[in-house]
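Encoded as structure tokens, the structure appears first; notes follow it.
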């Protein structure tokens, strides 16, 4: 069902309105009143006839009008019956602010489930429980149904907060941070309405330009991503994801699993599909401001204007950190600048106007450099000196019309801010630290680039999403060596020739050609190197027998038997690589590539992507690793055949997508041998 | 000469005082007046008789009293003669605010040199030029001799800024950031007084508790570090170093050089000697506040108290990022908490008091957890809800007396701040973001740990500092193979057996034992792998001859001759390591250790330290690298003999310190062979 009434109600009912100051039921109503809701307000309280000038109803049933949106703030023991009454009244949009549900344990969880079932049965939608309400700043609505009595200014950001308190902290700070939004919603326990619903709703709401999310968890990561992959979500989406954890996947028997913490997966997949992830709230809203208030930079060549050296150096440090380029100004530009800039200043980027730089000089200088083809954006920094008024400088620079963005940093005396808020014409955002704009520019460029990639590869993505699983493998646990060989053959994966020999039969084994590798197998042993279960480069029958004895010995030292020996062709490795895959319960199938061998966990030279990876994603998967750079050939070395490698990766992805019964697989090492061919030396597949 | 008069003058002369509002000469005097300097003020202006109520002198000579400190703000064309007059008047402390010297080029540089020479001849000291003055907030002085007319509050931080503007930006923001300091000094071009002088001055000034620096360069890095290494500087020292650059050392012919950017050196050496380096100004002052206002945490086990989930999660994320530990509360503590904390809250760390948590609950909860032996420090977070007044919560928590620190984070409505500034008893610092205290705690623990290390190893450090250079090697350019062998022998460095054979003589070369390595040598070729100049594991004379032909061929393809062949013992590498050293012009001798081989620049698995490294530093040098972790033995592998490796590193350090004519050296690879012994396979030494 549509979520529109949550943000655009014509009438609201506050179930649990109160006459008691400082109670939520009172403060919420007061906030609604102060902000001036453009619709009907129906407070419900069994005893009161009037609260804060609103006529009060003794029960929901008494309300003699249609209720578009109900905000429920009753004590939790009355929550369920209140929802019942609302549903009876045919209310389809309910925000349950009341806490004390899933977050407090078993009893709360069950109550939450019951409520949700009722909601679903009636085709209604529920926001919360355990949330702090909703805001729409647009003139035709003007609804602040939270209990923070601030008057947020109109903007075009959508802001969803999983944490009510984080939302409250942002609302508390509005007068200092100048954050503006169109919609705010606190989703609390996300029993029904969650980030996936809101994402799709905002994409289709023309009042929303940029979507921002504070999340502690994804309800369903795969379905959060799918609309991005399908190019259905095109608005800039910016996420602060908290609750990072170092611990790897629980059932991390594979290298691939052990190397992938939940946070790494979130990081990699958001990045792959152009979703901006920020480090903190400040960056979250700065980035939204960057998208909404300025033209977008077309490239990464940045000019810095300043009246002081130090802050400019900090800005340049930040540009470098974000891989942005300090623009090389043309001679024509520098000549023009020389006519204006103080001779002791600098016409080289960063352009230093010295403390005497005033509104007129700032404006002219900015106009000149914006015309330089080598400049994509300007960061204009102003530290308030004694002799120049900051307000005039800021206003004159922001009065410039240009297709390129100017981001102004200002470091003034405190009095400046009130003057700017009261008197500025455009009230464009200002940055307080010289480091901030670089991050904003970098986030914007990242998003624009990813958008192009997704548009271009839409059909390739759709093909992958639509792969049907054949589910032909039904084994439990790990596939046997025979099954592995069969699978490798089916998906054209270059596994080395190998044979299994019973431990006692090794003496009778007829060898066809050397060199060989011998591995001891016991189904309880996963990491063979720890057991000293492997001997490489065996050149004769005698060596083979001797090696088998040593391996048996190593096993028996750990109280284990060798059940079988695996005899394999030996390939001398030039490089050891890893390809792995695993199924993440939230985000679905994931592919990993990187340095392989026995030190993978130490080197951590791996990259991950969703299995829904287009050609460009697979290129990135390889290039993001150090071994990927080495494979491309450095220091005069011949590059190895990356196309072959890419095909192997694609084949493993196809294998994984077509066999949804595979839980995880590990190819480690995939050897790039001296003959420049790839060989899979160890391949393990674990079933769900 | 002593710098005391710069901070503690009894009389000051303002040369260039002006009657013109908004001019520096006027604003500076106004600022001095507003702040209420506790001493005599002598403005000098050739035309005025009185400015801002001060009697004005027409020339410096007219001043009929002793001048402790002169602040010069005359136009630059009069700067030199003003200094002359001050020196004639026997003024020994001069702050030259006037700009237009070294920073504008040749002419300015020469004027600056002339002034400096005069200053030195008279035994005076000069701060600046191109700076913004000095502040002392202590009651007996009360000097704000800058042109930012703020009234900084008294504190115990020393703050030095190389950039005047950065200093001004900090001063502009004081009323919002609540930064407090004892001394502020802007050192500008650092013609005479620089960070090294101030560092030592502040160490010996009992009014200074913490020293903070904004630097864009080090005048003399080695002499900045030496007092730390000698344990002469014991006060917490916190640096924001701007002007990072990716570019490696200019003459980076060696791997070691190419891997060490100036910024990496700064980073590593500050870290080695317990100097805190911060990412931004906010962290700089937060850390100073942490040292000065709270007891120091004794360990890294942190409890978090909160009235809201979201901010606590952000705090926990930050703790994890800083390798701090979320304290495990004792059962006793949890039982006590259960009596107070709302049943739907949490008594597990982070302790959630829910929005109803008020001053009384906050105080009691904090008192209980401070008594838990598993807790070293508390982060107490308060997001202002409707029903609880933030001021009371903050005050009650900060009223607790405990040997353990509590850091409070508050996210209130803007009105709170003014109330806190006006009415708080202790006015202890508050943090605005849940992420901030973790960084502060981490910085403090880092400093305390390093301090212990330096105290403990003082004599070892002194021995290294006092190593005398013998300077026995006088070769230019690279040492020859013979010289290398001799050097290795002298310092007990395990170089492999090797012999040089003229290119034409290779056919007549008598081989004693295999396997061997053959390398083509041409003095213009540094990176042998790029030239395909090496063949490994040669097992017969025939292979040797064939290899030599191939190498000759590879050289001739690049238009080069093979001059000689180097025939070496072949050791089969288990691991390839790198030890390198180079002389940094600012910071002196540097040692590097890490993964070696031909991909060093890609893997970047190296660590650097000053050659003044005690045993613990060398342990860290190894442990900070991934290969170091591998050498220690992982996954059941036998650890290699780290003591032998450490001895080799120590020997190279001794070699480097005793031969100051060595510019850089590169041991790459140092091979850890299958026999678990170390072999130097390639050793290059470049002379100054």
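Values quoted throughout were computed directly from the atomic coordinates according to the rules given, and no laboratory measurement underlies them. Model, not experiment: these values are computed from the prediction. A quick note on method: Cβ atoms are made from the backbone with ideal geometry, for glycine too, and the neighbour counts reach across all protein chains shown.
Dividing the alpha-carbon Rg of the stretch B:70-144 by 2.2 N^0.38 Å yields what?
The value comes to 1.13.
I'd like the FRET efficiency for residue A:335 and residue A:300, computed as 1/(1 + (r/R0)^6) with the beta carbon distance as r and R0 of 35 Å, rounded to 0.05.
Efficiency computed from Cβ-Cβ geometry: 0.90.
In terms of the ratio Rg/(2.2 N^0.38 Å) built on C-alpha atoms, what value belongs to the stretch A:32-83?
Working it through for the stretch A:32-83, the quotient is 1.16.
Helix-only estimate, please: 222 nm mean residue ellipticity of the protein assembly as shown, summing -39500 (n - 2.57) across DSSP H runs of length 4 or more and dividing by its residues, to the nearest 500.
-10500 deg cm²/dmol
Which whole number gives the average count of other chain Cβ atoms within 10 Å of the Cβ atoms across peptide A:141-150?
1
Separation between the residue A:267 and residue B:643 pseudo-spin-labels, each 7 Å from Cα along Cα→Cβ, expressed in nm?
3.9 nm
Taking the Cα centre of each part, how many Å lie between the stretch B:1-61 and the stretch B:111-169?
Cα centres, the stretch B:1-61 to the stretch B:111-169: 14 Å.
For the stretch B:497-569, what does the convex hull of the Cα positions come to per residue, in cubic angstrom?
It comes to 76 Å³ per residue, whole-number rounded.
Need the C-alpha centroid separation for the stretch B:342-418 versus the stretch B:271-299, integer Å.
For the stretch B:342-418 versus the stretch B:271-299, the Cα centre distance is 23 Å.
Please list, short to long, the whole-number percent of alpha-carbon pairs of the protein assembly as shown in consecutive 20 angstrom bins beginning at zero.
Whole-percent P(r) values from 0 Å outward: 9, 30, 37, 20, 4, 0.
Stokes-Einstein diffusion coefficient for the stretch A:543-634 at 4 °C in a medium of 1.567 mPa s, Rh from the Kirkwood formula over Cα pairs: what value in µm²/s?
The estimated diffusion coefficient comes to 80 µm²/s.
How far is it, in nm, from the label point at residue B:422 to the one at residue B:456 when both lie 7 Å from their Cα along the line to the Cβ?
The answer from the label model is 5.2 nm.
I'd like the FRET efficiency for residue B:403 and residue B:139, computed as 1/(1 + (r/R0)^6) with the beta carbon distance as r and R0 of 30 Å, rounded to 0.05.
The value I calculate is 0.50.
So, by mean Cβ neighbours within 10 angstrom, what's the order for B:638-645, B:159-166, B:51-58 with the highest one leading?
B:159-166, B:51-58, B:638-645
Full-extension gain between residue A:392 and residue A:509, please, as 0.36 nm times their residue separation minus the C-alpha to C-alpha distance.
Stretched fully, the residue A:392-residue A:509 segment lengthens by 33.1 nm.
Any idea how far the Cα center of the stretch B:540-618 sits from the one of the stretch A:566-582, in Å?
Rounded to whole Å, the Cα centres lie 28 Å apart.
Which order do peptides A:611-624, B:370-383, A:262-275 fall in by mean Cβ count within 10 Å, highest first?
Answer by packing, highest mean first, reads B:370-383, A:262-275, A:611-624.
How big is the Cα convex hull of chain A in projection, averaged over all directions, in nm²?
Computing the convex hull of the Cα atoms and averaging its projections yields 37.3 nm².
Measuring label to label, 7 Å along Cα→Cβ, what does residue A:64 give against each other copy in nm, shortest first?
Those label-point separations list as 9.5 nm.
Cα atoms only, the stretch A:573-687: Rg and Dmax in Å?
According to the Cα coordinates of the stretch A:573-687, Rg and Dmax are 13.5, 44 Å.
Mind pulling the per residue volume of the convex hull built on the Cα atoms of the stretch A:4-208? Å³ is fine.
Enclosed volume per residue, from the Cα hull, is 108 Å³.
For peptide A:382-389, what's the mean number of Cβ atoms from other chains within 10 Å of each residue's Cβ?
Going residue by residue through A:382-389 and averaging, the value is 6.
Counting partner chain Cβ atoms within 10 Å of every residue's Cβ in A:304-310, what's the average?
Neighbouring Cβ atoms belonging to other protein chains average 5 per residue here.
How would you rank B:333-339, B:393-399, highest first, on the average number of other Cβ atoms within 10 Å across their residues?
Final packing ranking: B:393-399, B:333-339.
Kindly provide the pair-distance distribution of the stretch B:394-494 built from C-alpha pairs, with 10 Å bins from 0 and whole-percent values in order of increasing distance.
11, 22, 17, 13, 12, 11, 12, 3
Output the antiparallel fraction of DSSP beta bridges having both residues in chain A, as a percent to the nearest 5.
50 percent
Rounded, prolate or oblate, given the Cα gyration tensor of the stretch B:387-450, with a/c below 1.5 counting as rounded?
prolate
Over the stretch A:396-529, what is the mean sequence separation of C-alpha contacts under 8 Å (at least six apart), divided by residue count, expressed as relative contact order in percent?
13 percent.
Pairwise over distinct Cα atoms, reciprocal of the mean inverse distance: report the Kirkwood radius of the stretch A:305-464 in Å, one decimal place.
Over the stretch A:305-464, the inverse of the mean reciprocal pair distance is 16.8 Å.
Between residue B:88 and residue A:449, what FRET efficiency comes out of the Förster formula 1/(1 + (r/R0)^6) with R0 = 45 Å and r the beta carbon distance, rounded to 0.05?
That pair, residue A:449 with residue B:88, gives E of 0.10.
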